[in-house]
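J.: Here's a structure for you.
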Amino acid sequence: MKTTTPHWIAISLLTSVLIFGALKVIVLGNTEKAEDGRTAVILEPAERQAVLGEMRVLLETTQTIVEALANDDLAAVEAAARPIGSAAIATVDFRLRAKLPLAFKQLGFGTHYAFDDIANMAKEGKPAKAIQQKLAATMDNCIACHASFQLPTAPVKQGE
């Protein structure tokens, strides 16, 4: 009967550690439980500013779209929505992405893809009401993200 040699045990343990580490990065990101019950996403100051800047652009774009819809200007809706669609995902640094939990990324990517949909709806001449409904549903992602996550300026202290 052949016995398992120590090197196979070491390889199995190392593989398990690597898989666990990869899953932690992909699913959990760099997070801690915040005092208010949300998930605190721990980022470097420049990374935090990048995420907050992207959120501001999403908000500004939303306002531009609301105004364009009020003025029946579908060309302006498309022009506003297109750059913040899925093309904007490619501009996010991969090191930053690794620190973001999967649920945060799903909400963010879903939001960007929704802006693609809004731009396409405007280009196709869909009714303003349908575009407003899509925008309202997209804002549910914003609400869910802000309700679930926070970006603290300093690391969260456990037990304080």
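The values are calculated or read from the model by the stated rules, or taken from the named source; none is laboratory data. Here the structure is a predicted model, which is why all the values come from computation and not from measurement. Note: ideal-geometry Cβ built from the backbone for every residue, glycine included; neighbour counts use all protein chains shown.
J.: Answer yes or no as to whether ARG82 is touching a Phe, Trp or Tyr at 6+ places or on another chain (Cβ under 9 Å) and touching a residue at least 12 places away in the same chain (Cβ under 8 Å). Break it down into steps so the answer makes sense when it comes.
T.: Working: touching a Phe, Trp or Tyr at 6+ places or on another chain (Cβ under 9 Å): yes; touching a residue at least 12 places away in the same chain (Cβ under 8 Å): yes.
Yes; evaluated as a whole, the condition is true for this residue.
J.: A further question follows. Go through the residues of the stretch 142-151 one by one and say whether even a single one is hydroxyl-bearing (Ser, Thr, Tyr), in contact with a Cys (Cβ under 9 Å, 6 or more places away or on another chain) and in contact (Cβ under 8 Å) with a residue 40 or more places away in the chain.
T.: Within the stretch 142-151, none of the residues are hydroxyl-bearing (Ser, Thr, Tyr), in contact with a Cys (Cβ under 9 Å, 6 or more places away or on another chain) and in contact (Cβ under 8 Å) with a residue 40 or more places away in the chain.
J.: Is there any pair linking a residue in the stretch 36-55 that is more than 13 Å from PHE149 (Cβ to Cβ) to one that is β-branched (Val, Ile, Thr), with Cβ under 8 Å and at least six apart or on different chains, and which?
T.: Once the first residue is more than 13 Å from PHE149 (Cβ to Cβ) and sits in the stretch 36-55, its partners that are β-branched (Val, Ile, Thr) give PRO45/THR153; ALA50/VAL92; GLU54/VAL92.
J.: Another question about this same structure. Taking only the stretch 82-114 into account, find how many residues are of a type outside the set (A, V, I, L, M), farther than 17 Å from CYS145 by Cα and touching a Leu at 6+ places or on another chain (Cβ under 9 Å).
T.: Keep residues of the stretch 82-114 that are of a type outside the set (A, V, I, L, M), which gives 82-83, 85-86, 91, 93-95, 97, 99, 101, 104-106, 108-113.
Adding the requirement that they be farther than 17 Å from CYS145 by Cα leaves 82-83, 85-86, 91, 93-95.
Those left that are additionally touching a Leu at 6+ places or on another chain (Cβ under 9 Å): none.
Result for the stretch 82-114: 0.
J.: Let me ask you something else. Can you tell me which residue in the stretch 126-143 is farthest from the chain's Cα centre (by Cα), limited to those that are surrounded by 13 or more Cβ atoms within 10 Å (Cβ to Cβ) and among the β-branched types (Val, Ile, Thr)?
T.: ILE131
J.: Exactly one condition in (1) at pLDDT below 95; (2) of a type in the set (A, V, I, L, M, F, W, C); (3) touching a Cys at 6+ places or on another chain (Cβ under 6 Å) is false for LEU96; which is it?
T.: Exception for LEU96: condition (3).
J.: Can I ask one more? Out of everything in the stretch 60-79 that is farther than 15 Å from GLY125 by Cβ and touching a residue at least 12 places away in the same chain (Cβ under 8 Å), what residue ends up being surrounded by the most Cβ atoms within 10 Å (Cβ to Cβ)?
T.: Among them, the one singled out is ILE65.
J.: Determine if the stretch 57-76 includes at least one residue that is closer than 29 Å to PHE149 by Cα, modelled with pLDDT of 95 or more and assigned to a loop (DSSP other than H, G, I, E, B).
T.: No: zero hits.
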